Amino acid sequence: MNVLLLSMPDSFEHMPPVAIRMPNGALTSLAGNVDPHHCVAVADLILVQRQVRETVTRIIRELDPEVVGLSIMTFQRRTAARIIEVVRALRPTVKIVVGGYDPSLAPEAYEEMDVDYLVRSEGEVTFRELLRAVEQGSGVDRIHGLSYRNGESWVHNPDRSPHRLEDSEIRLPNRDARVLKGYTLLGRQVDVIETSRGCTYDCSFCSIIEMRGRNFHTYSFDRVLADICDARDHGARTIFLVDDNITLNVRRFEALCEAIIAAGLHKLDYFVQAMTSAIANHGESLAPLMRGAGFRYVFLGIENVLEGDLEFLRASAKNTTRTNGQNTGNATLKAIDYLHRNQMYVVGGLIVGSPGDTRESIEANLEFARRYVDWPYIQHPTPYPRTPMTKDFRDQGLIMNEKLEEYDGTTAVVRTEHLPAEQVEFMRWKAERWMKVHHIPIALRHDPRFVLFQGWKMLAHTFRGSSIRSALGMESEKKVFERYRAIRRTEREYL
Ligand code: B12
Ligand code: SF4
């Protein structure tokens with residue numbers, strides 16, 4: 001059968017498509033795990049953000065798929081609904097399947113759409129079984145993890161347990177299935193790799209626990225190294241490790257760094273997400289190994305520098321440093337110090353706008369970011385389906401905006417007890433633009449060609465909304481902010 005898999009074009013403020021266009025790892029993993037006689041095409045629509053309708057139409061005409069699958073996050077739901085309409089109009093009898101975080105956590109939202117099947121949580125085996133059933137015209141009622149339309153109603157089969165990745169059931173991704181080009185991270189071709197899945201923490205803003213429960217499974221190093229080689233052979237020079245929490249098992253992470261070095265794969269650049277506590281408590285041995293293996297940017301889940309906010313976010317435990325078995329305070333500064341001493345850069349993941357936040361508490365976090373992080377990745381708490389935080393915000397009546405396409409992390413959709421949502425967003429936006437400018441000399445040293453040719457576009461993106469009048473101080477920052485928000489609104493209309 002011909003199968004088309006699509007990821008959505010929607011991006012958010014910290015992923016300017018001029019500089020960052022990453023592949024969706026889920027779709028190549030699905031493509032690598034269907035029965036081999038199927039012909040699968042993967043199209044990451046982030047690569048054609050301004051030609052979505054034309055591209056989907058062209059690929060559907062060329063491939064003539066019997067099944068079309070879409071991978072969807074919550075802020076992409078509206079775009080997904082529009083793409084589904086386009087696909088249905090072109091091929092009325094095609095089977096449409098949705099999967100990913102949003103369909104898994106809010107399946108009811110898809111029952112109103114013209115969708116045939118919905119895959120909940122991990123998809124490789126469920127999707128493989130679904131294609132077999134569609135091809136053979138057999139029933140789907142025994143496929144775990146699948147929901148399907150049955151006349152006017154929907155049937156939700158029992159859940160599928162998380163895969164034990166250790167048993168090698170999940171084969172390598174199929175990167176040959178990609179039909180669009182142009183992946184980049186600051187001018188170098190980028191690819192994504194998984195070494196593990198799952199997390200045992202339960203931060204209140206994170207969707208992971210509702211998605212798959214509290215567990216942690218790992219791929220063998222042989223498989224991970226083969227995956228990195230495959231990404232490199234497909235042209236990647238930068239690798240993004242998309243593990244939910246690779247730092248849960250620090251000894252394994254250290255051994256992985258050693259394996260990357262031993263395999264000679266340390267000449268690639270690596271990006272990874274990490275907990276501050278793991279880096280702070282094991283940085284002495286871990287950080288030099290990471291640097292040796294080629295890690296360059298580390299996305300640190302700092303979340304907040306104030307204890308009260310960390311408690312609300314349920315993120316205190318993963319941000320605590322320990323000395324001689326005793327908790328000895330916040331781990332963030334120690335973690336940053338280890339990374340900096342080993343020539344790595346810190347992408348500072350912070351969340352501002354929790355219910356108790358005041359102007360002063362937000363400013364304390366922004367000031368921290370100005371002083372210590374190399375690249376800010378500051379977001380607002382966003383009430384994604386079924387997270388514990390969503391319930392807290394709803395109970396307190398603090399959710400101000402129900403337009404899901406604006407749930408992109410940098411649009412404040414909740415207010416605090418003391419500040420309106422817009423004020424929270426304004427403070428972050430104003431501070432963050434200048435923090436990004438400070439990183440340009442470092443990017444210039446590493447990627448001079450890219451920064452010289454594309455740097456101005458990145459600056460234009462960062463400062464969109466500004467004008468000559470505002471640069472001369474003849475217009476207020478609030479006015480520029482309003483223009484920026486209007487531009488964001490039009491950007492979100494992908495088709
Ligand atoms: C890596 C990652 C990123 C990377 C993305 C790199 C990339 N291009 O892949 C970066 C850092 C750039 C990123 C950015 C964002 N992310 Co993010 N990210 C993740 C993370 C850590 C892992 C996702 C991943 O790749 N997993 C590996 C793949 C294989 O698993 P998977 O995606 O779940 O796919 C499986 C199933 O879902 C299913 N499936 C998925 N799609 C489909 C489609 C079909 C047809 C089928 C059948 C099955 C299926 O099968 C797959 C294989 O088993 C998750 C989870 C977490 N712990 O935080 C968050 C997460 C997905 N991100 C999230 C969000 C909100 C964002 C941002 C909007 C803001 C932010 N928080 O940073 C931006 C938006 C990016 C953009 N487009 O502009 C949310 C989504 C919540 C929601 N309800 O929508 C998550 C869950 C984090 C959270 N807050 O809880 N992210
Ligand atoms: S540590 Fe990271 S992956 Fe784990 S629950 Fe918290 S935010 Fe989610």
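Every read-out reported here was derived from the displayed coordinates using simple, explicitly stated rules and does not represent laboratory data. All values reported here derive from a predicted model rather than from experimental measurement. All Cβ positions, even for glycine, are placed from backbone atoms using ideal geometry, and neighbour counts span all protein chains on display.
Things to note:
- Rounded to the nearest 20, the size of the Cβ-charge dipole of the chain about its Cα centre is 1440 debye, with Lys and Arg at +1 and Asp and Glu at -1.
- Other-chain or far-sequence residues with amide H under 5 Å of CYS39's (modelled H): ASN2, VAL3
- Shape category assigned to region 9-107 from the gyration tensor of Cα positions, a/c cut at 1.5: rounded
- For the chain, calculated [θ]222 nm from helices alone, where every DSSP H run of n ≥ 4 adds -39500 (n - 2.57): -12000 deg cm²/dmol
- The chain: antiparallel DSSP beta bridges as a percent of all, rounded to 5: 30 percent
- Translational diffusion of the chain, µm² s⁻¹ [Kirkwood Rh, Cα pairs; Stokes-Einstein; 20 °C; 1.002 mPa s]: 91 µm²/s
- Hz values of 3J(HN,Hα) by residue in region 47-52 - Karplus curve (6.51, -1.76, 1.60), Gly and Pro given as x: 7, 9, 3, 9, 9, 5
- At an R0 of 22 angstrom, the distance between the Cβ atoms of ARG469 and VAL437 translates into a FRET efficiency of 0.65.
- Protection proxy ranking of 409-421, 129-141 - average other beta-carbon atoms within 10 Å, highest first: 409-421, 129-141
- Listed from fewest to most Cβ neighbours within 10 Å, the set GLU66, GLU194 follows the order GLU66, GLU194.
- For region 376-426, the normalised intensity computed at q = 0.14, 0.28 Å⁻¹ comes to -0.31, -1.19 (log10 of I(q)/I(0), Debye sum over alpha carbons, equal scatterers, no solvent).
- Cβ-derived FRET efficiency at R0 35 Å, SER161 paired with LYS267, nearest 0.05: 0.35
- Cα gyration tensor shape for region 286-325, rounded if a/c is under 1.5, else prolate or oblate: oblate
- Environment charge of ARG394, counting only residues whose C-beta is closer than 13 Å and scoring Lys/Arg +1, Asp/Glu -1: 0
- Pairwise inverse Cα distances across region 257-361, averaged and inverted, put the Kirkwood hydrodynamic radius at 14.5 Å.
- Remark: spin-label model distance MET1-LYS457 equals 3.8 nm, labels positioned 7 Å along the Cα→Cβ axis.
- For region 361-482, the number of Lys pairs with C-alpha atoms closer than 25 Å, counting only pairs eight or more positions apart or on separate chains, is 12.
- Cα centroid separation - region 40-106 against region 469-495, whole Å: 30 Å
- Overall, region 420-460 carries a charge dipole of about 180 debye about its Cα centre when +1 sits on the Cβ of Lys and Arg and -1 on the Cβ of Asp and Glu, all other atoms neutral.
- The Cα-based radius of gyration and maximum Cα-Cα distance (Dmax) for region 82-235 are 17.6, 49 Å.
- Of all DSSP beta bridges in region 256-370, antiparallel share, percent nearest 5: 20 percent
- Within region 187-340, antiparallel bridges make up roughly 30 percent of the DSSP beta bridges whose residues both belong there.
- Ascending count of other beta-carbon atoms within 10 Å, so fewest first, for MET458, MET275: MET458, MET275
- Nearby aspartates and glutamates by direct alpha-carbon distance to LYS334 (threshold 14 angstrom, same-chain neighbours under 8 apart not counted): GLU284
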